[in-house]
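One structure below.
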Amino acid sequence: MRRLSLSIITALAMTELVSCGGEGITTTTSPRAPAVTLSASSLTFSNQSVGTASSAKTVTLTDTGTGTLTITGISATGDYVQTNNCGSTLAVSANCIITITFSPTASGSRTGRILVTDNAPRSPQMVSLIGNGVGPVVTLSVSRLTFSSQNVSTTSGEQSVTLTNSGNAQLTVSGVTITGTNSGDFAQSNNCGSIVATGASCSINVTFTPSGGGARAGLISIADDGPGSPQTVTLNGTGVAATLHKLSTDIFTNATSQHATEVEPDTFSFGSTLISVFQAGRFTDGGSSEIGFATSTDGGTTWTSGFLPGITKIQDPANPYDRATDPAVAYDSAHGVWLIATLPLLSSVSGVTGPAVLVSRSIDGVNWDNPITVAIGGDLDKPWITCDNWPTSPFYGNCYFEWDDFGSGDLIGMSTSRDGGLTWGPGLATADRAAGIGGQPVVQPNGTVVVPIADGFEASILVFTSMNGGASWSGTKTVSPIVDHAEAGDLRSGPLPSAEVDAAGKVYVVWQDCRFRSSCASNDIVMTTSTDGVTWTPPARIPIDQPASGVDHFIPGIAVDPATSGSAAHLGITYYFYPQSNCTTSTCQLDVGFISSQDGGTTWSAPGQLAGPMPLSSLPSTDQGRMVGDYISTSYVNGLAHSSFAVAYPEIGTIFDEAIYTTANGLSAPTIGEVFLHAVETPVPNPASDHSPRQMPARVR
């Protein structure tokens with residue numbers, strides 16, 4: 001029988017196959033198939049700034065087949081982003097919109113594709129994308145800098161990061177900064193300027209000055225108009241605790257004083273010679289067994305130590321005095337002689353008194369003559385000495401000696417030598433016969449002598465001057481009231497000033513003060529400056545830490561690199577501190593810190609810890625508390641700061657283990673540190689000391 005086959009296209013576009021035969025007619029339906037039609041096979045975007053998104057372009061997707069389209073994915077590649085409203089299925093003849101934006105990550109031609117994955121033939125279907133990125137692009141040579149282990153408060157060599165503008169437009173740099181956990185331990189300098197041309201490079205140089213031991217971390221942060229700003233480079237380094245060098249040992253064994261103890265150092269440098277002087281064998285009720293010295297003639301590399309001759313009977317029964325205290329050292333460059341000022345003491349059943357002030361002389365800083373008497377009095381205290389070492393000064397070669405007379409209510413005395421300390425003029429009072437204690441005279445290049453000093457009750461900082469080579473002295477002027485916190489733990493401490501002068505004659509004075517701290521709960525170190533000794537800046541806080549930190553700072557000693565001045569003056573301050581002010585005799589931990597500035601005090605390095613912690617029980621006792629000294633000292637030699645300070649270790653039986661130390665290497669500082677703008681810091685309202693005012697003039701020796 002013949003079979004007849006025909007195709008019938010239905011209104012639904014379905015094909016039927018009909019067969020005719022003796023048994024009847026059979027019909028077969030072919031499957032329904034989706035088909036994808038895209039409105040564009042490619043899209044071209046206009047030039048687009050790197051790191052920004054373009055306006056959107058769209059592609060329409062239509063199911064032009066005979067069955068439902070199942071969509072399993074729509075994606076974009078390259079610097080392109082797509083969104084769509086297509087869902088997972090699309091009915092026959094329906095359409096949806098794919099929206100595309102272009103966000104170039106680099107300059108130049110940037111290509112990509114839209115990929116549509118589905119159940120239609122030729123899946124995945126594609127749309128080609130092309131655009132051009134325009135703008136700067138930052139490329140950094142490294143993502144991390146790792147520094148070798150570095151001694152605390154010393155500065156590493158430089159490591160560099162190269163920044164290249166690999167884009168096709170100039171790069172505008174708005175800032176390069178150091179951020180991160182230990183940002184103050186790293187410093188950067190760069191030659192990038194504000195514009196880096198297309199294809200050009202610049203260098204960011206980084207140094208590492210750890211302020212503490214252990215792992216230290218920071219980030220270089222580069223702010224610019226390139227994509228990904230701010231770009232960062234990770235900084236890592238390890239701080240190694242400062243290596244200390246012991247300068248001297250208390251060799252005395254007299255049963256009347258505490259051994260082995262050394263306290264209260266002063267230092268002075270000239271050329272490559274550096275001398276530290278201090279007390280050795282501290283008595284409880286004042287003074288020490290003898291005055292020690294340590295001398296380096298090679299910039300602090302090697303040291304020779306000893307004790308001054310001709311002062312105490314403890315050293316030699318033929319000597320005239322029972323004890324010695326309060327040493328200070330200076331150099332007279334005009335006469336080529338080193339000078340050490342000393343307060344000798346006599347002890348009797350009625351007490352301990354200071355009958356005179358002395359000066360010891362040495363040509364080489366190692367071999368010392370017997371002392372010369374500068375002045376005598378009923379009960380003298382706290383001498384200091386300085387010399388005019390400015391060749392252009394009309395008084396070059398004059399040396400000036402300051403003290404106070406406790407027996408006369410702390411009356412200030414001044415004497416002048418014009419022959420290298422061999423002879424001294426009469427003791428002169430200030431024009432207003434002022435009382436004071438702890439004066440530190442400094443000399444400006446024009447010969448003016450400026451003497452910052454605490455008043456007799458340690459309630460204010462005073463100053464007086466001489467403009468005629470010490471022939472007479474002005475009346476005193478109040479620089480600032482003192483607002484200070486009394487240290488916890490029965491530690492002997494007071495707000496005596498420390499003073500220095502730079503190469504242009506600017507005078508810097510620091511002391512401990514709590515005016516920036518709520519309820520006077522701890523002390524900052526504050527600083528005031530003057531170019532003429534008459535007009536002084538308001539006291540400004542040294543930014544060792546935040547005012548709310550709870551750290552207590554005290555007994556500062558400032559140094560100025562004598563080759564620097566003004567906005568380029570290099571300053572270094574050594575100080576003692578408690579990490580927590582709210583402590584007791586058994587819990588207080590005493591540390592030694594150092595901070596520096598390379599720009600006259602505008603900005604400061606991060607602080608570094610030089611020694612400690614020390615338990616207070618390891619310090620010798622005095623009738624005014626446990627003692628490391630009434631002052632501390634720092635001096636610059638060949639551009640490096642050298643500190644001298646007392647360090648105590650736990651006692652060995654009944655014998656102390658306290659001596660004068662310095663760092664094995666000089667202390668350097670980064671060129672950039674924490675920004676210190678005292679103009680934006682003001683004291684707390686109505687600041688007041690947290691202790692009662694003194695009821696009688698001070699005596700500390």
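The values are calculated or read from the model by the stated rules, or taken from the named source; none is laboratory data. Small disclaimer: the values here were computed from a predicted structure and weren't measured. Glycine also receives a Cβ, built like all others from the backbone with ideal geometry; neighbour counts cover every protein chain displayed. To get the accessible areas, we keep the full protein, side chains included, count just its heavy atoms, and leave off ligands, DNA and RNA. Shrake-Rupley method; radii C 1.70, N 1.55, O 1.52, S 1.80 Å.
Points worth noting:
- Every residue from the stretch 362-389 that is in a loop (DSSP other than H, G, I, E, B), open to solvent by 20 Å² or more (accessible area, probe 1.4 Å) and closer than 25 Å to Gly436 by Cβ: Pro371, Gly377, Gly378, Asn389
- Residue check, Thr564 out of contact with any Ser or Thr (no Cβ under 8 Å at 6 or more places or on another chain), modelled with pLDDT of 95 or more and closer than 16 Å to Ala641 by Cβ: yes
- Unmet requirement for Pro538, which otherwise passes all of (1) under 25 Å from Gly438 (Cβ atoms); (2) surrounded by 18 or more Cβ atoms within 10 Å (Cβ to Cβ): (2)
- Residue tally, condition within 23 Å of Leu69 (Cβ to Cβ), among the β-branched types (Val, Ile, Thr) and open to solvent by 30 Å² or more (accessible area, probe 1.4 Å), over the stretch 96-118: 3
- Qualifying positions in the stretch 306-330 - within 15 Å of Val359 (Cα to Cα) and among the small types (Gly, Ala, Ser): Gly310, Ala324, Ala328, Ala330
- Screening the stretch 158-213 for residues that are farther than 20 Å from Pro230 by Cβ and among the polar types (S, T, N, Q) and picking the one that is surrounded by the most Cβ atoms within 10 Å (Cβ to Cβ) gives Thr209.
- Any hit, the stretch 46-56, residues being touching a residue at least 12 places away in the same chain (Cβ under 8 Å), open to solvent by less than 70 Å² (accessible area, probe 1.4 Å), closer than 30 Å to Ser229 by Cβ and in a strand (DSSP E or B): yes
- Residue list for the stretch 121-139, filter: within 16 Å of Asp224 (Cβ to Cβ) and either surrounded by fewer than 16 Cβ atoms within 10 Å (Cβ to Cβ) or touching a Cys at 6+ places or on another chain (Cβ under 7 Å) (or both): Thr139
- Residue within the stretch 545-566 that is surrounded by 18 or more Cβ atoms within 10 Å (Cβ to Cβ) and in contact with a helix residue (DSSP H, G or I) (Cβ under 9 Å, 6 or more places away or on another chain) present: yes
- Extreme residue, surrounded by the most Cβ atoms within 10 Å (Cβ to Cβ), among residues of the stretch 293-344 that are of a type in the set (A, V, I, L, M, F, W, C) and assigned to a loop (DSSP other than H, G, I, E, B): Ile311
- Remark: Ile25 falls outside the filter, which requires a residue to be over 30 Å from Gly135 (Cβ atoms), at pLDDT 95 or above and part of a strand (DSSP E or B).
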